[in-house]
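Novice: To start, I am sharing the structure in question, which I have written as structure tokens.
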Amino acid sequence: MAERWPRALAIIGLAGMILGAVDPLEGSVVILPGVGLAALAAFLGKGRWRVLLYWALVLVAVGAAAMWILSTLGGIGGSTGRSDWWGLIVLPYAVGWVMGVVGGVLTLLQFFSRPKLPGQGEKPA
């Protein structure tokens, strides 16, 4: 029973990361909690990839904050007076998202490949 929660959290987190990618700016309010849920799932399930997900959470938070701040200031390029190079401060968001998706998938694979303990699943014949 206790093993189901980390699996469910990892699935919900991964779904949030993928669905939020449809629109990265507004989707960041779904992606950030999605990475957080995947990291929480890896923590609760003692997943091997939890450190990867912790770093993904930090990178997504920093990059999403930078993206929202730049958006509030009018964006980059064009008549804003900020060159396109300012877009590099948003790079942690993309890197963290990729790390989160990879870490979420690897965590789910680990959770589903664990051998069943006695008393879980089917009863012995």
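Novice: In the chain, if the dipole is taken from +1 on Lys/Arg beta carbons and -1 on Asp/Glu beta carbons about the Cα centre, which of Gly47, Gly75, Gly104 is farthest to the positive end?
Specialist: Working it through, the farthest residue towards the positive pole turns out to be Gly47.
Novice: With +1 on each Lys and Arg Cβ and -1 on each Asp and Glu Cβ, and nothing else charged, work out how big the dipole of the chain is about its Cα centre, in Debye to the nearest 20.
Specialist: 620
Novice: Based on the Cβ-Cβ distance of Ile89 and Val22, what FRET efficiency does E = 1/(1 + (r/R0)^6) give at R0 = 22 Å, to the nearest 0.05?
Specialist: 0.45
Novice: Percent relative contact order of the range 4-113, based on C-alpha pairs within less than 8 angstrom and at least six residues apart?
Specialist: Details: 163 pairs, mean separation 35.3, N = 110.
Normalised by residue count, the contact order of the range 4-113 is 32 percent.
Novice: I've got another one for you. Using the Karplus curve 6.51 cos²θ - 1.76 cosθ + 1.60 with θ = phi - 60°, what ³J(HN,Hα) values do you get for each residue of the range 82-88, in whole Hz, with x for Gly and Pro?
Specialist: 9, 6, 5, 5, 4, x, 5
Novice: Rounded to the nearest 500, what is the chain's calculated 222 nm mean residue ellipticity when only DSSP H runs of at least 4 contribute -39500 (n - 2.57) each, over all residues?
Specialist: -23500 deg cm²/dmol
Novice: Shifting gears a bit: Shape of the range 4-113 from its Cα gyration tensor (a ≥ b ≥ c, root eigenvalues): rounded if a/c is under 1.5, otherwise prolate when a/b > b/c, or oblate?
Specialist: prolate
Novice: Follow-up. Between Ser113 and Trp68, what length in nm is gained on full extension when 0.36 nm per residue of separation is reduced by their alpha carbon distance? Don't jump to the answer; show the numbers that get you there.
Specialist: Values: separation 45, 0.36 × 45 = 16.20 nm, distance 3.86 nm.
Working it through step by step, the gained length comes to 12.3 nm.
We did not get these values from a lab; they are worked out from the coordinates using the rules stated. Values in this document were obtained by computation on a predicted structure and should not be read as measured data. Neighbour counts are summed over all protein chains in view; Cβ atoms, including those assigned to glycine, are modelled from backbone coordinates with ideal geometry.
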